[in-house]
Amino acid sequence: MPPVRPVRPTKHKGLPLVTLLALAACTPRADTGPVVVAAIGGDPVLADPARGPLDTPARLMLDATAQGLVRFDATGQVEPGIAERWSVIDNGTSYIFRLRAGEWADGQPVTAAEVVTLLRRQLAPRSRNALRPFLSAIDEIVEMTPEVIEIRLKRPRPDLLKLFAQPELALFRVQPPSGSGPFRVIARQRRSVLLRPAFDPARAADDDAVEPSPAANVRLIGERAARAIVRFERGEAALVSGGSFDDWPLVLATQIAPAARRFDPAAGLFGLAVVNRSGVLADPANRAAIARTIDRAGFTAAIASDWEATSQILPEQLDSSAPPAVPSWSQPPPEDEPTPRARIEQWRTANPGEIHLRVALPTGPGGTILFGYVGAALLTLGIYPERVAPDAAADLRLIDAVAPYDSGRWYVATACQPCSEAATNAIEAAREADSPRLRAQQIAVADAALASDVAFIPLARPLRWSLVAAGLKAWTGNSRAWHPLNHLRNDPN
């Protein structure tokens, strides 16, 4: 018997979209039905990444319906997307991609010329794509043949494929919004879409292609964390995706089995960026006093017992020429050094008046717990804290971000918001470095400068969680904290 393959979607005569969605909601955890995924965030719309950052439902929607040249598999490793193979030549400064046969949602073939146009648009100067600042090494993207494109670099970038596997670099058609799969939208309701495997001319021969089973479909819902968690607890969803520290306390208030609670070994940054370097925050010694006073271990334990605190920006050496810099404020202080409280009092003597600091944090229960610990530390120092919204004007702002690729430059560039001239120059020098050795040296310089400058106060690594039903055997925790909708069941057919 030939293997089951996706085929071109057929029309469901007589069934309105609402009815299709209602049918998809039935027996969501049965192996014969669609996988119901509740993603924490807004509507699962197909949004243009050139217009700004996307939340989890929009990223999942983009990844599911508009794959890029390459994409991530269940383990966070790079696998083919619309490119069937690729090669790296010229000492890492040229990536050549051969495209496989693919189709857009309207049935038109994917061509190298259109792929080049779409990628250039995401990397254009006016694009607000979240990854564009980390792709400045790209010199040009050209069509070599109707099936082959070349990406030429000014400097070698060994992590380029991991960036191109991110949903932000999906091949996205703006008018009408569409992509080349691996799914197609077959029904939509407010905050919910029903997805079906797309016809794949490269992987589905006409003589053995049959209709995909309902188990191959995915119903994607975008909603608040509390609703998603309740939906899972009631058995109405097989997966909750996109959880962070801010909403994890909600899970602890449920009866959801521990086996269903999964964590990713996420790599990235979680800490407070000093975004206003005036007043009491103008002095690195004052910033160090604040960093030393925060009980980061107490905070992480209050969220999750095995969530480890950290005081370093880099999680490991990565591509730096030196191990992660250890800030002096994280070490036992010399006997003659003033206490953090005495240090702030000295500053207050020279600058009379009350000290107020605005702390930008998310609005959920995790953010409330974090504000409790940060606020307590500030009050201990005689500083009055004020909690503000994540996007409001602030003095300290939480950065909670998963690294899109494995380079120390991402960490130092993301932590610099802003930072000292020495750190800024080193970050720029690392970007412009024409050899891995020089790049590694400048990353190490930037890391040390950031630690000395106390421009960023590390607290931990990002906490990312999911709720996973037993039937989703392919779900795998990974450092990207990314779980593609086409890699949830080992064999849905």
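Points to keep in mind about this one:
- Percent RCO, i.e. relative contact order, over the chain, from Cα pairs under 8 Å lying at least 6 residues apart: 22
- Taking a span of 24 Å or more along the helix axis (Cα atoms) and a mean Kyte-Doolittle hydropathy of at least -1.0 as the rule, the DSSP H helices of the chain that qualify are 436-453.
- Length gained on full extension, R277 to R234: 10.7 nm, using 0.36 nm per residue less the C-alpha separation.
- Sparse-neighbourhood loop sites, GluC sites (Glu not before Pro) in region 328-363 - DSSP loop, at most 13 other Cβ within 10 angstrom: E335, E354
- Probing with 1.4 Å while keeping every protein chain in the model, the per residue accessible area of region 334-493 equals 41 Å².
- The charge dipole of the chain, taken about its Cα centre with unit charges on the Cβ atoms of Lys, Arg (+1), Asp and Glu (-1) only, comes to about 1200 debye.
- For the peptides 172-180, 447-455, residues were scored by their other Cβ atoms within 10 Å and the scores averaged per peptide; the highest-first order is 447-455, 172-180.
- Over region 65-137, equivalent-ellipsoid semi-axes from the Cα gyration tensor in Å: 20, 18, 14
- The chain - share of DSSP beta bridges that are antiparallel (%, nearest 5): 75
- Each of V445, L169, V275 was scored by the projection of its Cα onto the charge dipole of the chain, and the greatest displacement toward the positive side belongs to L169; charges sit on the C-beta of Lys, Arg, Asp and Glu.
- Rounded FRET efficiency, nearest 0.05, which uses the C-beta distance separating T145 from A389 and R0 of 35 Å: 0.10
- Convex hull volume of region 211-324 per residue (C-alpha atoms, cubic angstrom): 199
- The portion of the accessible surface of the chain made up by carbon and sulfur, rounded to a whole percent, is 53 (1.4 Å probe; DNA, RNA and ligands excluded).
The values are calculated or read from the model by the stated rules, or taken from the named source; none is laboratory data. These numbers come from a predicted model, not from an experiment. Cβ: placed from backbone, ideal geometry, glycine included. Neighbour counts: every protein chain shown. We work out accessible area using only protein heavy atoms, side chains counted, and drop any ligands, DNA or RNA first. Shrake-Rupley method; radii C 1.70, N 1.55, O 1.52, S 1.80 Å.
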